[in-house]
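Data first, discussion second: the structure below is written as structure tokens.
The values are calculated or read from the model by the stated rules, or taken from the named source; none is laboratory data. Note that the structure is predicted; figures quoted are calculated from it, not measured. Cβ placement follows ideal geometry from the backbone for every residue including glycine, while neighbour counts extend to all protein chains displayed. SASA here: full protein model, heavy atoms, side chains in, ligands and nucleic acids out. Shrake-Rupley method; radii C 1.70, N 1.55, O 1.52, S 1.80 Å.
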Amino acid sequence: MGDMTNSAVDFYPKNQRGESNHAGEFGCSLDELRSLMELRGAEGVQKMQDTYGDVNGFCRRLKTSPTEGLAGNPADLENRKQIFGRNFIPPKKPKTFLQLVWEALQDVTLIILELAAIISLGLSFYQPPGERSEMCGSAAGGVEGEGEAEAGWIEGAAILLSVFCVVFVTAFNDWSKEKQFRGLQSRIEQEQKFSVVRGGQVIQIPVSEIVTGDIAQIKYGDLLPADGVLIQGNDLKIDESSLTGESDHVRKSADKDPMLLSGTHVMEGSGKMVVTAVGVNSQTGIIFTLLGAGGEEEEKKDKKGKEQWTKKQDGAAAMEMQPLKSAEGGDGDDKEKKKAGSSKKEKSVLQGKLTKLAVQIGKAGLVMSAITVIILVLYFAIDTFVIQKLQWLPECTPVYIQFFVKFFIIGVTVLVVAVPEGLPLAVTISLAYSVKKMMKDNNLVRHLDACETMGNATAICSDKTGTLTTNRMTVVQAYVGEVHHKEVPDPDAIPSKTLDMLVNAISLNSAYTSKILPPEKDIGLPRQVGNKTECGLLGLVLDLKRDYQTVRDQTPEEKLYKVYTFNSERKSMSTVIKMQDGSFRMYSKGASEIVLKKCSNILNTAGEPRGFRPRDRDEMVKKVIEPMACNGLRTICIAFRDFPGSPEPDWDNENIILIDLTCIAVVGIEDPVRPEVPDAIKKCQQAGITVRMVTGDNINTARAIAIKCGIISPGEDFICLEGKDFNRRIRNEKGEIEQERIDKIWPKLRVLARSSPTDKHTLVKGIIDSLHGERRQVVAVTGDGTNDGPALKKADVGFAMGIAGTDVAKEASDIILTDDNFSSIVKAVMWGRNVYDSISKFLQFQLTVNIVAVIVAFTGACITQDSPLKAVQMLWVNLIMDTFASLALATEPPTESLLMRKPYGRNKPLISRTMMKNILGHGIYQLTVIFTLLFAGETIFNIDSGRNAPLHAPPSEHYTIIFNTFVLMQLFNEINARKIHGEKNVFDGIFRNPIFCSIVFGTFAIQIVIIQFGGKPFSCIPLQIDQWLWCMVLGVGELLWGQIISSIPTNRLKFLKEAGHGTQKDDIPEEELNEDAEEIDHAERELRRGQILWFRGLNRIQTQIRVVKAFRSSLYEGLEKPESKSSIHNFMTHPEFRIDDSQPHIPLIDDTDIEEDAALKQNSSPPSSPNKNNNAIDSGINLTTDTSKSATSSSPGSPLHSLETSL
């Protein structure tokens, strides 16, 4: 990376660079520190020793103390910021408003409109030469008169104006979204605090305040904010994949590899580091600065510039959290990456459906407009040249052209009306509005489409601690000195030896960052800071009238000899201290069933150890642990062990250290269920969402909490499993995970206890990939720990905890719950469904307008050569109705009733049959009214007919009434559109939505202005009061008609079709289908790309060739020969397939194929070694159960050929 730094130097402010070379007052310059941080492992240690002696020498050069930290006086801090830089990486410049406008202009429908408008404008200024001679014929509906010719440009201008409005609104939306996002970003950054030691005190400061020379405390789950050198570490493991791409965790220690880099994640352990480089000088910052330089060209290619920079800061690899190396065998990393890459690009379900629908409607509109133009042209041609028998004269050409242009404009008008350009707007408004409101409901949405996916969720896998419970731990029962105390015992009731031991074990064997502070208000509860379980135990020490702080002061953190930190494998934490006499004592605490297994003694009533045999343990489990767990308590066992001073034990060999313990006490910790959770879970179940609890706790505790929450209720058919049982049930004899087995379990599984993060990922993946049931499951997952990352990424929607969550979890999530509360998830479901419904409402309204307007324009043009609704009127209907209606209908607030129905699922069409009934029903009503007015209006109202009006006629009352009635019908239909599930009361909750009311009244007011004062441009003429009243009556008729429609049962109308399905299988291009197959074929999953190809080859042969049923015996023998397993190839695939009838594989292809296939192979490939053949057969069979989906016909020659070559 040497050359990298040189090139990066050019990006720093000049003064900073000047000073960096001779950092006068400090013993090392900026460049020295930067080059130091580029070294790794042994090189780094060597450099430290050569240059600075040791870490203490290094700290002296930086004028800081390893124990006291910086003094923290402002002048010194400011000076350090001047010399070594600030801990801030300048974000990428946001897109300017004009860039966003330009992006919005790329929309296809808008481009069509712009072209039409420009042509129309150009033609309106073109005057044909000379007076039109009589010879050119007098086609009906001839050229516009003087008045219309003057107003000709208005049409084009109006179209352009409408385009401008749409573009402006879209760009403004994007811009405000970006601004919101940055505001949010800065809010997250300000909230991100880090513990540093200043003046001997541990304080939390914002990350941007960290300076070079600070002593920072790091712990599990942290995202390191700056580069540093480790001073002291306990069992520290770092995930450096975001910088190096290596997925294995790197072990860090002060004497072997002390270099810690910014942007990497602490996966285990804790420690202290001295900060050496911040901001643009840290390793991440350097990479950034280079990105900043290369970023501009990227910008053009990469339209998705909206991802905030922290995402980049964690590097691409942190985004693609490596899939867990679980027993699934290293899940093909490349494939996982490819999927992670593609999944972000793929449209959300809703967008997919909408795009498809818009395209279909667009096509229909094109056809209609083309037909309109053709009919008009033919009518004109026949009338002029056939009936009037006129010749085409050169001087008439301009006149004719003007006719044709008029026809073209009518055609374009039809198209414009047909294309629902309000759709993208409705979606944007709806999502943006929802996201804004969701902030108030404590949902911080990081990916817009997560909001709408959440409405389709069918399953939620939730953590227990902190999500379903309050995460305020208190010890309520204890078993100590062989007595089970049902409440916290009196200090006098415990033997004094045991009490001292217990207090020491709790105070020393916990992170020193866990503390109990006095309450903020006088009446509140004491504040728990740090790990909540440890805080519960420290609370016990305080309840026993002792002070943990004095114990800690006697043994400060630096004096702890060795610390085994808590992680999900160990499920325990141990700390070793050196006693005065040179011997060692280790304190341990952890899940009771795990620690008790390692205990061989227990402290008795006198505080002396006595033997503790397995049968004592079983009795204790029955009498103490299970009763505690059944009350929903977490049980923690506290134990110790003494070691001699010499010979010193081998601390790295945990198997000999963590045994032979002496149990001091078992305590039951209560974590009460959040009061609002049972209600929220009930709502989820009504809404058709299954809630599953995935927890690391004991199964009895988990079951008790699940019953309190209402996840399981007595008498239901459900399963509660422990992680190891779950793993045993889903794996076959060879330890491979089988989808069929998962499918047998997950539908009934409600509680998964003692589960590892791998189990969580397996469960989520299993449910998502499952083909069980009629629709694919949409799974939401909550997580807070670093190890939940893979499950959060795999889920359709990942919720991270805003308070308890680690940075890694937040990075992997789609939505952050700012209050860590399960009931906020229910709010997210409500908003998600609301987005979907809002768009359906808008569609129902929009399509009614479109169908009516298109048919009116079309028939009008064909029968009277002139559309009853003029182009500008159409645009007013189109634009205002579109834009305003999308605002009005997209901002309906969600109601509880949304949770009363089942989720829609992925293939549910956007337009249900009920909506189709409404659209057609209202369409029929409106068309009837308009055609009645068009052909009989003059007689009804006793006015002059507007049809076939003379050439220079001003706008007619007749057509004005038609236009007015049309708009008023739309207005009242907008109220109808508020309900899409056939409800009777369309006014329900209308006043809860002020936007809707103001838009309806606003539109009405503008309509009055247009009619009374619109004049020539709008082809309107003021109407009398009685005419207005008639128009109103026809409009209100919409509401009454709506009641009639809603009382017709939908299931009677068999002819109705749905529209706007999700992408069906047939629409997906071939490659994507293949990738799907890869995703589903679990047998195939572990195989690499090349093998998959030839396995598919084999498979195709199987389906085609039916040879003989010989070789059955030879096949069986071949499989059982010991050497058949020795080929490397075999290990790369599955070393697992034994044919025995007990194995429940479903032969999708007859079993005969297998043998025939084998026969064929034995005939075809020369058996040079028995091994080669058997291996092919072995692997081939392996796939017969699943891959037949991808089996298609192919010439027998090629796969065989590839088979031989690959072998």
Got a sec? Which of 205, 215, 231 is within 24 Å of residue 82 (Cα to Cα), among the β-branched types (Val, Ile, Thr), at pLDDT 75 or above and touching a Gly at 6+ places or on another chain (Cβ under 9 Å)?
215
As an exercise: evaluate residue 284 against (1) of a type in the set (Ser, Thr, Tyr); (2) buried (at least 20 other Cβ atoms within 10 Å of the Cβ); (3) at pLDDT 85 or above and give the number of the one condition it does not meet.
(3)
β-branched (Val, Ile, Thr) and open to solvent by 30 Å² or more (accessible area, probe 1.4 Å) - does that describe any residue in region 216-228?
no
Could you check region 555-578 and list, in sequence order, the residues that are part of a loop (DSSP other than H, G, I, E, B) and either modelled with pLDDT of 90 or more or within 15 Å of residue 501 (Cα to Cα) (or both)?
555
Counting only residues that are at pLDDT below 90 and not in a strand (DSSP E or B), which one in region 660-676 is surrounded by the fewest Cβ atoms within 10 Å (Cβ to Cβ)?
675
Which members of region 999-1025 meet the condition of being in contact with a Phe, Trp or Tyr (Cβ under 9 Å, 6 or more places away or on another chain), surrounded by fewer than 16 Cβ atoms within 10 Å (Cβ to Cβ) and either closer than 15 Å to residue 965 by Cβ or small (Gly, Ala, Ser) (or both)?
1002, 1008
Please verify whether residue 887 is assigned to a helix (DSSP H, G or I), open to solvent by 10 Å² or more (accessible area, probe 1.4 Å) and under 30 Å from residue 778 (Cβ atoms), treating the condition exactly as stated.
yes
Of all residues in region 719-739 being surrounded by fewer than 15 Cβ atoms within 10 Å (Cβ to Cβ) and outside any helix (DSSP H, G or I), the one that is modelled with the lowest pLDDT:
735
Regarding region 5-28, can at least one residue be identified that is modelled with pLDDT under 80, open to solvent by 20 Å² or more (accessible area, probe 1.4 Å), in contact with an Asp or Glu (Cβ under 9 Å, 6 or more places away or on another chain) and among the hydrophobic types (A, V, I, L, M, F, W, C)?
yes
Any chance you could count how many residues in region 521-554 are in a loop (DSSP other than H, G, I, E, B), touching a residue at least 40 places away in the same chain (Cβ under 8 Å) and open to solvent by 70 Å² or more (accessible area, probe 1.4 Å)?
3
Do we have residue 634 as open to solvent by less than 60 Å² (accessible area, probe 1.4 Å) and either closer than 19 Å to residue 564 by Cβ or in contact (Cβ under 8 Å) with a residue 40 or more places away in the chain (or both) here?
yes
Can you find a residue in region 941-960 that is of a type in the set (A, V, I, L, M) and assigned to a helix (DSSP H, G or I)?
no
Looking at (1) within 30 Å of residue 751 (Cα to Cα); (2) open to solvent by less than 30 Å² (accessible area, probe 1.4 Å), which is the only condition residue 414 fails?
(1)
Candidate set from region 248-262 (those that are touching a residue at least 60 places away in the same chain (Cβ under 8 Å) and crowded, with 19+ Cβ neighbours inside 10 Å); member that is nearest to the chain's Cα centre (by Cα):
261
Going through (1) in contact with a Gly (Cβ under 8 Å, 6 or more places away or on another chain); (2) closer than 26 Å to residue 594 by Cβ; (3) in a helix (DSSP H, G or I) one by one, residue 742 fails only at (2)
Subset of region 966-1001 (residues that are among the aromatic types (Phe, Trp, Tyr), part of a helix (DSSP H, G or I) and farther than 19 Å from residue 843 by Cβ):
966, 991, 1001
So which residues in region 236-247 are at pLDDT 80 or above and open to solvent by 40 Å² or more (accessible area, probe 1.4 Å), if there are any at all?
237
Which pairs turn up if I take residues in region 393-409 that are in contact (Cβ under 8 Å) with a residue 60 or more places away in the chain and look for partners that are assigned to a helix (DSSP H, G or I) and of a type in the set (Ser, Thr, Tyr) with beta carbon separation below 7 Å, at least 6 apart in sequence or on another chain?
409/120
With respect to residue 270, determine if the residue is farther than 15 Å from residue 40 by Cα and open to solvent by 10 Å² or more (accessible area, probe 1.4 Å).
yes
If we keep only residues of region 903-928 that are open to solvent by 20 Å² or more (accessible area, probe 1.4 Å) and of a type in the set (A, V, I, L, M, F, W, C), then the residue farthest from residue 454 (Cα to Cα) is 927
Among residues of region 977-998 being touching a Phe, Trp or Tyr at 6+ places or on another chain (Cβ under 8 Å) and open to solvent by less than 20 Å² (accessible area, probe 1.4 Å), the residue farthest from residue 1051 (Cα to Cα) is 990
Scanning region 686-704 for residues that are open to solvent by 20 Å² or more (accessible area, probe 1.4 Å) and in a helix (DSSP H, G or I), the one farthest from residue 726 (Cα to Cα) turns out to be 686
